[in-house]
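S.K.: Supplied in structure tokens, the structure appears directly below.
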Amino acid sequence: MTKHSVAVIGAGKLGEVVLSGLLRAGWPPHQLLATTRRPERAAELSEKYGIRPVLNLTAVTQADVLAVAVKPQDAAKLLEDWGMKVPPGKLVVSLCAGLPTSFFTARLPGGIPVVRVMTNTPAFVDQAMTVISAGAYATEEHLALTEEIFQPLGATLRVPESQQDAVTALSGSGPAYFYLLVEAMIDAGILLGLPRQVAHELVVQTAIGSAQMLRDSGEHPVKLREAVTSPAGTTIAAIHELEKHGVRAAFLTALEAARDRASEIAVQMAPGTK
Ligand SMILES: NC(=O)C1=CN([C@@H]2O[C@H](COP(=O)(O)OP(=O)(O)OC[C@H]3O[C@@H](n4cnc5c(N)ncnc54)[C@H](OP(=O)(O)O)[C@@H]3O)[C@@H](O)[C@H]2O)C=CC1
Ligand SMILES: O=C(O)[C@@H]1CCC=N1
């Protein structure tokens, strides 16, 4: 087990996902710290996971890895409070969508390494997609340490930081698109007269089975879809409607919008640092 302690600074929805994953991976609770804004949130985390809620400055002093998981809009204020007090030897890991590592570097003492991470909520079931990029001063050692932290939560991948806004649009926000699809298919089941519970079970199991086939078969999705689509059959009748409604194009423009929103966050929060 690693000797490094990790503080999640801003342990909200995503921070909790990370903390719970590290605990499941066998990280000792005494090596995990969490900070929040509201004391009642800190108490909830402490009761649920037995981890130590601390003040931001205590986390910054005591932990080796500072994982920042506040909303991007809260990051500047947060760093104003303790950024320049980060002692040498710490690693700052940003989980914030949109914010470039330069946003952090500009608010930290010189030489503090920053790694940008985009993970996603399936970390709750150890199936996250975590994508890692080095910022200034981050060496192979820092990237490897970040991988060590996120590997138990699912898959990890390294990309250049310039790709992180696209990554955010694809895998960071990605679970929401799948949930929306599941929601819509369940509604369709209701429309077709199935009981809600039956529709729910059918769609969820179909989603799980399809995801597992995609991963385990290694086949291209087109090939898997073709195998379901019989000539003059039911599937092509549905696909015809989806294409008529521009679902494919809608995905392209939707993800472009998500990517653009990530870039916009950077401009709004960190003008001139992109
Ligand atoms: N949710 C997701 O699926 C994903 C989120 N992200 C990124 O993760 C980050 C967090 O998102 P999410 O978890 O959804 O947001 P939440 O609002 O759930 O969590 C943010 C947390 O930050 C805490 N906080 C804010 N200011 C401070 C402060 N000054 N000191 C200590 N704690 C503070 C809040 O505390 P309190 O609760 O007490 O107010 C809250 O718990 C964002 O930057 C987002 O872009 C990235 C990938 C996926
Ligand atoms: O919606 C958001 O901004 C965050 C980032 C990726 C997923 N959720």
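S.K.: If residue 84 meets every condition in (1) outside any strand (DSSP E or B); (2) crowded, with 24+ Cβ neighbours inside 10 Å apart from one, which number is that one?
M.R.: Failing condition for residue 84: (2).
S.K.: Oh, and also: Mind listing just one residue for me: the one in segment 122-162 that is assigned to a helix (DSSP H, G or I) and within 14 Å of ligand 1 (Cβ to nearest atom) and, of those, nearest to residue 251 (Cα to Cα)? Give the steps one after another, and end with the answer.
M.R.: Initially, segment 122-162 is screened for residues assigned to a helix (DSSP H, G or I), giving 122-125, 140-153, 161-162.
From what's left, within 14 Å of ligand 1 (Cβ to nearest atom): 122-125, 150, 153.
Values: 122: 21, 123: 24, 124: 25, 125: 26, 150: 28, 153: 27 Å.
Filtering segment 122-162 for residues that are assigned to a helix (DSSP H, G or I) and within 14 Å of ligand 1 (Cβ to nearest atom), the one nearest to residue 251 (Cα to Cα) comes out as 122.
S.K.: Let me ask something else. Just one of 156, 206, 139, 168 is in contact with a strand residue (DSSP E or B) (Cβ under 7 Å, 6 or more places away or on another chain) and away from ligand 2 (no atom under 16 Å from the Cβ); which is it?
M.R.: 156 is the lone residue from the list that is in contact with a strand residue (DSSP E or B) (Cβ under 7 Å, 6 or more places away or on another chain) and away from ligand 2 (no atom under 16 Å from the Cβ).
S.K.: Would you mind finding the one in 218, 172, 189 that is under 30 Å from residue 143 (Cβ atoms) and at pLDDT 95 or above?
M.R.: Working: 218 fails: at pLDDT 95 or above; 189 fails: under 30 Å from residue 143 (Cβ atoms).
When all the criteria are applied, what remains is 172.
S.K.: Determine the pairs where a residue that is under 13 Å from residue 131 (Cβ atoms), located within segment 166-185, has a partner that is away from ligand 2 (no atom under 13 Å from the Cβ) and at pLDDT 95 or above with Cβ atoms under 8 Å apart, the partner being 6 or more residues away or on another chain.
M.R.: Close Cβ pairs satisfying both conditions: 167/159; 169/256.
S.K.: For segment 2-31, give me each residue that is more than 19 Å from the chain's Cα centre (by Cα) and under 21 Å from residue 125 (Cα atoms).
M.R.: From segment 2-31, those more than 19 Å from the chain's Cα centre (by Cα) are 2-5, 26-31; that's our starting set.
Scanning segment 2-31 gives 26, 27, 28, 29.
S.K.: Can you name the condition, by its number, that residue 79 falls short on among (1) in contact with a strand residue (DSSP E or B) (Cβ under 9 Å, 6 or more places away or on another chain); (2) within 16 Å of ligand 2 (Cβ to nearest atom); (3) under 23 Å from residue 267 (Cβ atoms)?
M.R.: With respect to (1) in contact with a strand residue (DSSP E or B) (Cβ under 9 Å, 6 or more places away or on another chain); (2) within 16 Å of ligand 2 (Cβ to nearest atom); (3) under 23 Å from residue 267 (Cβ atoms), residue 79 is out only on (2).
S.K.: Restricting attention to segment 103-122, does a residue exist that is surrounded by fewer than 15 Cβ atoms within 10 Å (Cβ to Cβ) and among the charged types (D, E, K, R)?
M.R.: No: zero hits.
S.K.: Hey, among the residues in segment 1-51 that are β-branched (Val, Ile, Thr) and part of a helix (DSSP H, G or I), which one's farthest from ligand 1 (Cβ to nearest atom)? Walk me through how you get there before you give the answer.
M.R.: Step one: list which residues in segment 1-51 are β-branched (Val, Ile, Thr), which gives 2, 6, 8-9, 17-18, 35-36, 51.
Checking which are part of a helix (DSSP H, G or I) leaves us with 17-18.
Working: 17: 8, 18: 9 Å.
Checking each candidate, the answer is 18.
S.K.: Just checking, does segment 140-150 include any residue being of a type outside the set (Ser, Thr, Tyr) and crowded, with 24+ Cβ neighbours inside 10 Å?
M.R.: Here is the first cut: in segment 140-150, the residues of a type outside the set (Ser, Thr, Tyr) are 140-145, 147-150.
Among the residues that remain, those that are also crowded, with 24+ Cβ neighbours inside 10 Å are: 149-150.
There is at least one residue in segment 140-150 that is of a type outside the set (Ser, Thr, Tyr) and crowded, with 24+ Cβ neighbours inside 10 Å.
S.K.: Let me confirm something: among 66, 45, 78, 95, which residue is surrounded by fewer than 20 Cβ atoms within 10 Å (Cβ to Cβ) and aliphatic (A, V, I, L, M)?
M.R.: The conditions single out 78.
S.K.: Let me confirm something: among 224, 255, 214, which residue is within 16 Å of ligand 2 (Cβ to nearest atom) and touching a helix residue (DSSP H, G or I) at 6+ places or on another chain (Cβ under 8 Å)? It would help to see each step written out before you state the result.
M.R.: Values: 224 fails: within 16 Å of ligand 2 (Cβ to nearest atom); 214 fails: within 16 Å of ligand 2 (Cβ to nearest atom).
One residue alone meets the criteria, 255.
The values are calculated or read from the model by the stated rules, or taken from the named source; none is laboratory data. Predicted model only: the values in this text are computed from it and were never measured. All Cβ positions, glycine included, derive from the backbone under ideal geometry; neighbour counts span all protein chains shown.
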